[in-house]
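To start, the structure itself, in C-alpha cells.
Derivation of every value follows stated rules applied to the coordinates shown; laboratory data play no part. Please read all numbers here as calculations on a predicted model, not as lab measurements. Here the Cβ positions follow ideal geometry from the backbone for every residue, glycine too, while neighbour counts run over all protein chains shown.
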Amino acid sequence: MKSKMWDQQTIQAFQTTLLNWYHRNKRNLPWRADTDPYKVWISEIMLQQTRVDTVIDYYYRFMEEFPTIKALAEADEEKLLKVWQGLGYYSRARNLKVAATQIQDDFNGKFPDTVKEIRSLKGIGPYTAGAIASISFGLPEPAIDGNVMRVISRLFGIEEDITKASTYKIFDQILRAIISHEQPGDMNQALMEVGATVSTPSAMECPSWLKPFCYACTHKAHDKFPVKTKKPSLKTFTIWLELLKMQIMNI
C-alpha cells in the first residue's frame, strides 16, 4: 500500500465530504426508498452481474409478485423463474426461494439482524451480508465489491493483486477503519456510487472534492489501480503447451 493509513482527522473529513456528495448526487433508485432488509436483499442479488438500468423494471415486477418473505418462500418455482426470466443466472432466483424458506423456518419469518445469521442464508456472501447489515440494521460492516475495490485501491495506492484472497483482507481492514458508525449504510452506498459514476475503470482524474484524499490522483496513476494480474491468453497457453510437448518428446 503506497499511502499510509489515514489519521482520525482525515477519516472524519473523508466521511463528511463523501456523505455530503452522496446525499446531493445519489441516483434515485427504487430500492433506496427505504431500508427494509427484504427489499435491500432482493435488489443486491439482482444487481449481481446485471446493470442497474436493467434491474429497475425487474425489481418492481418482483416486488409486485412477491411482496414479502412469506410470499417468496411459498412461491411456485415455475412462476418465480418466469418473473426472473431475462435476468439470467437463474440459480440466484432459486437461492432466494431457499433463503426465504430458511427465514420462515429458522427465524420465524423475520429477516435476521446479525452478520453471522445473514451469512447463513443460501446465496448470501460477504458483500451482500455487509450491504444488508449496514443499510438495514446500521451495523458498521464493509460491503466490498469490484467498484469499492477500485475506489479504495486508488485512494490508498494498493499495489497488491485484487484477485488474491490476502488482498481482500487489506480492503476489509481499511474499510472497517474508515466506515462511518453513524451512517454505515449510506457510506457503503456512497463508495459504490463513486465507483459506478465517478471513479470508473476509464476515469483518469478525480472530481475536486475527492482529490485531497486520492493517491492515484496525486500521482496521476488512475490507470495503475486496481492491480489485477492478467490471465495468460489462449495464444500464450497454446505456445506453452507446444513447448511442453517438445520437451517431453526429447526426454
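Highest-first packing order for the peptide set 81-94, 144-157 is 144-157, 81-94, based on the mean count of other beta carbon atoms within 10 Å.
Between Ser208 and Asp223, residue separation times 0.36 nm minus the direct Cα-Cα distance comes to 3.6 nm. Residue order for Phe62, Phe137, fewest other beta carbons within 10 angstrom first, comes to Phe137, Phe62. Listed by chain and number, the lysines whose C-alpha is less than 30 Å from the C-alpha of Lys2, apart from same-chain residues fewer than 8 away, are Lys26, Lys164, Lys169, Lys211, Lys220, Lys224, Lys228, Lys230, Lys231. Taking every C-alpha pair closer than 8 Å and separated by at least 6 residues, the mean separation divided by the residue count of the chain gives a relative contact order of 21 percent. Under the definition of Cα pairs under 8 Å and six or more residues apart, what whole-number percent is the relative contact order of segment 30-137? Normalised by residue count, the contact order of segment 30-137 is 30 percent. Annotation: extensible slack from Ile11 through Asp161 equals 51.5 nm (criterion: 0.36 nm per residue apart, minus Cα-Cα distance).
This ranking places Phe225, Phe213 by how few other beta-carbon atoms lie within 10 Å of each, fewest first, which gives Phe213, Phe225.
Residue by residue, segment 194-210 carries 3J(HN,Hα) couplings of 4, x, 7, 10, 10, 8, 6, x, 8, 5, 10, 7, 9, x, 4, 5, 8 Hz when phi is fed to the Karplus relation 6.51 cos²θ - 1.76 cosθ + 1.60 (θ = phi - 60°); x denotes Gly or Pro. The spread of Cα positions in the chain, taken along each principal axis and listed from longest to shortest, comes to 61, 60, 31 Å. Listed peptides 95-103, 173-181 appear in the order 95-103, 173-181 once ranked by packing, highest mean of other Cβ atoms within 10 Å at the front.
Counting charges near Ile135 (Lys, Arg +1; Asp, Glu -1) among other residues having Cβ under 11 Å from its Cβ returns a value of -3. Among His222, His23, the ranking by other beta carbons within 10 Å of each residue's beta carbon, starting with the fewest, stands as His23, His222. Counted residue by residue at 0.36 nm each, then reduced by the alpha carbon distance between them, the extension gain from Glu74 to Tyr60 reaches 3.1 nm. With R₀ set to 25 Å, the beta-carbon distance separating Tyr168 from Asn95 gives a calculated FRET efficiency near 0.70.
Each other residue within a Cβ distance under 12 Å of Ile45 adds +1 if Lys or Arg and -1 if Asp or Glu, for a net charge of +4.
The string of couplings for segment 126-134 from the Karplus curve (6.51, -1.76, 1.60, θ = phi - 60°) is x, 5, 5, 4, x, 5, 5, 4, 7 Hz, one whole number per residue in order, with x for Gly and Pro. Under 14 Å from the Cβ of Val198, count the other residues' Cβ atoms, weight Lys and Arg +1, Asp and Glu -1, and hand me the total. Computed value for this residue: +4.
Between Lys2 and Lys116, the C-beta separation translates, for a Förster distance of 35 Å, into a calculated FRET efficiency of about 0.55.
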